[in-house]
Amino acid sequence: MGFADRRYGDVGGSSGRRFGGGPFAAVLTPWVKRLLIANFGIYLLIALGLLPSVATMADMFGFSAANILTHPWSPLTYMFVHGGFMHVLFNMLAVFFFGPPLERAMGGPAFLRYYLICGVGAAMTSILLIQLIGTPTVIGASGAVFGVMLAFAWRWPDAPIYVWAILPIKAKYMVGILGLGALWSTMQASRVGGVAHWAHLGGLVTGFVYLKFGDSIAARWNRLRGRRGKRRTSGISDISRSIGVGGRSRRPDTTAGGDDLDEVDRILDKIREHGMDALNSREREFLDTMSRKYRSGPDTTA
């Protein structure tokens, strides 16, 4: 697969190493590169006999709901063990194509966190579906990869993707078709042809929950940690500076309610961690509105 438009294959600048050209141009960003090295490296070490066999590695590091208490590391480690070359190849091809623009948009730490959360969520889906699928052992990064594809389609829904380098299809439709296929296969059987389709579905569901509700959950978590008062006082003074308007003095807390200031704090935290490119249109509009309020001062009209 490849991108039909370089806008989607090289989002956010030119740093990093570029491979290919034209519609297949991609920038190998830091965490994508590390994930590729880790997954291919582990596979090569197994293939060369420098690590135990795939079956032994699956027993040690694969995920199974039946062994989660004795193997608490498995929800993370299972996604770095693959059953064969084609298994790791197709998973890492998806990371190669979809990962770089997403990492540039989200920021490296946020991209890695999202990748791992989707992978863990995919594994934990088996606990919810245990009556349907039993307790199979699963390996591979497919759950995390499906989460990455969802995030790409979420951010660039109309980006044309070339399937088999021939058939163009919009990202949102491709992910929708894959999601429906995963749901159908999960309902038909736990594993069809050795593929844990429920893990694919779990990665998509986890990614959706994270993208849809992650920011609000993080804001509430920060308040529970006692950061509300501290961030409110510092957040107001940073509003104009964060969006490139300097030289304004801070005004008293008279133009916005507590909920608005909590949202400002959350957005400012997001900017500091991931940059302005990580903001969606609603967040940008909200930040502009709040900035105008603080520049104009309180409304004194009776």
Open item on the list: So, residue 25, is that one at pLDDT 95 or above, of a type in the set (A, V, I, L, M) and at negative phi or not?
Closed with: no
Open item on the list: On the basis of being modelled with pLDDT under 95 and in contact with a His (Cβ under 8 Å, 6 or more places away or on another chain), does residue 107 make the cut?
Closed with: yes
- [ ] Answer yes if at least one residue in the stretch 257-274 is of a type outside the set (S, T, N, Q), surrounded by fewer than 20 Cβ atoms within 10 Å (Cβ to Cβ) and at pLDDT below 55, and no otherwise.
- [x] yes
Task: Among residues of the stretch 150-164, those that are more than 14 Å from residue 106 (Cα to Cα) and either of a type in the set (Lys, Arg) or touching a residue at least 24 places away in the same chain (Cβ under 8 Å) (or both), counted - done: 6
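The values are calculated or read from the model by the stated rules, or taken from the named source; none is laboratory data. Predicted model only: the values in this text are computed from it and were never measured. As a convention, Cβ positions derive from the backbone with ideal geometry for all residues, glycine included, and neighbour counts pool all protein chains shown.
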